[in-house]
1. Can you compute the label reach from SER217? Point 7 Å from Cα along the Cβ direction, backbone N cut-off under 13 Å, restricted to the range 146-190.
2. What is the distance in Å between the Cα centres of the range 149-225 and the range 262-288?
3. (1) 23.4; (2) 26.2; (3) 21.5: which one is Kirkwood radius over Cα pairs in Å as calculated from this entry?
4. Lys/Arg Cβ at +1, Asp/Glu Cβ at -1, dipole of the range 131-282 taken about the Cα centre: which of ALA179, GLN227, ALA191 is farthest positive-ward?
5. Using all C-alpha to C-alpha distances in the range 198-350, build P(r) with 10 Å bins and read off the rounded percent in each one.
6. Compute the signed sum of charges (Lys and Arg +1, Asp and Glu -1) over the other residues within less than 10 Å, Cβ to Cβ, of ALA36.
7. How far apart, in nm, are two points set 7 Å out from the Cα along the Cα-to-Cβ line at ASP208 and at ASP348?
8. Using the Cα centre of the chain as the reference point, and only Cβ charges (+1 on K/R, -1 on D/E), how large is the resulting charge dipole? Debye, rounded to the nearest 20.
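Quick note: the coordinates plus some simple rules give every number you see, no bench work behind them. Predicted model only: the values in this text are computed from it and were never measured. Every residue, glycine among them, receives a Cβ derived from its backbone with ideal geometry; neighbour counts consider all protein chains shown.
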Amino acid sequence: MSDAEARDPQTAALTKLLGAITEEIMFALAGAPGDAGGDAIDATVKRRKDAHAALLQGQPITRMTENFDAWFIDMSRAMAPVHPPEWLPMSGVIGEKVTLEVGARGLRSLFSSKPSDKDVARVKNLGALSVRVLRAVFAADGPIDAEEARAISSIVASLGLPDADAAPLYTEAPVAPEALQVYGDLEPAIAKAIMRGAWLAAVWDALDPREETVIRSIAQKLMIAPQDVENFRNEAIARVEARRASGLAAVDAVRYVLADRVPGIGVSLAAFVGQLTLPRRFRDEALAQVGHGAPVALAQRYKSITSDDKLQALAMAYAAAMHDDPSAARQSLLRARLDRVAVDLGDDPARARRVVDQVLAVSLAEVATTMR
């Protein structure tokens, strides 16, 4: 502990909490880029209150900057009933209320009381099917790697199943498409969500013919019309390609705002933002520049991205700027840089600051009121 922390342990604790919350905001921004009002972001952060309390008591919690994979899984679970992360394969299934997780404090839960046996059975059966499809797609082009395993674990965690039911889903071997078991009549919305998730999983890195074969076999099993299969394939490709520009914009925004923290958080936070926002197939392109510490030149490269994507990029950069609790003087400098990025994008930085400031102010104030 530093001398400053020893003299003012309450401020030191709030500074650590601020860092954790800004990381959570970044995750939620990546998962719900169009959340202009910040409702999904606020609700996701509220669902982390137990972790915040543990942090203030000096206990270890999962952090983006310390254990990315474990934090990613915890955050996926926190976001599940609020707004399942849009870029996580099979999140559309979770969005069809295939989860036993409950809403954030102050929001209506998916279940007002303990879920019924019928609810549990539905989540168990549909969740298991979704996880098995996802694992089959990932395994089609070779052994499942760490990032693919993380995605599977994130979906399993998002189901909110009892440990006894969830445990086998984390570790079971891939199931061949012809061996997949579909119990009863599959809801059309669920079947379509599974198919969308399968294509997203395949396209996220590079679409392999072996993955296509597996997905088309699964589509027959789920009785998806051939035209729908093609539409979902094209939709997934379009989503991933569109995310390239928005992800690069977010990474460059963070790098520009934190240009004087290289090496340091100007590199590490930009790299983490790249992990959260960029499809795997495009990630090396951005992270190579991050690793080299090359300066960012604002040249209106991303002016054509959507309004939602501009909000994501600017709010990501602002959350990153607040990560280490800058002084009032430094905040002025960081805001000026953010304003320049906003001008380059053709957007208003005020709404990005508003989304982040609102969550930080409320979350920190609630904790500060309990301190003496």
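1. Residues 174-181 qualify, since their backbone N sits under 13 Å from the label point.
2. 28 Å
3. Step by step, Kirkwood radius over Cα pairs in Å for this structure corresponds to label (3).
4. GLN227
5. Pairs per bin, as whole percents: 11, 35, 26, 15, 10, 2, 0.
6. Within the 10 Å Cβ shell, the charges total -1.
7. With each label point 7 Å from Cα toward Cβ, the separation is 4.7 nm.
8. In debye, rounded to 20, the chain gives about 580.
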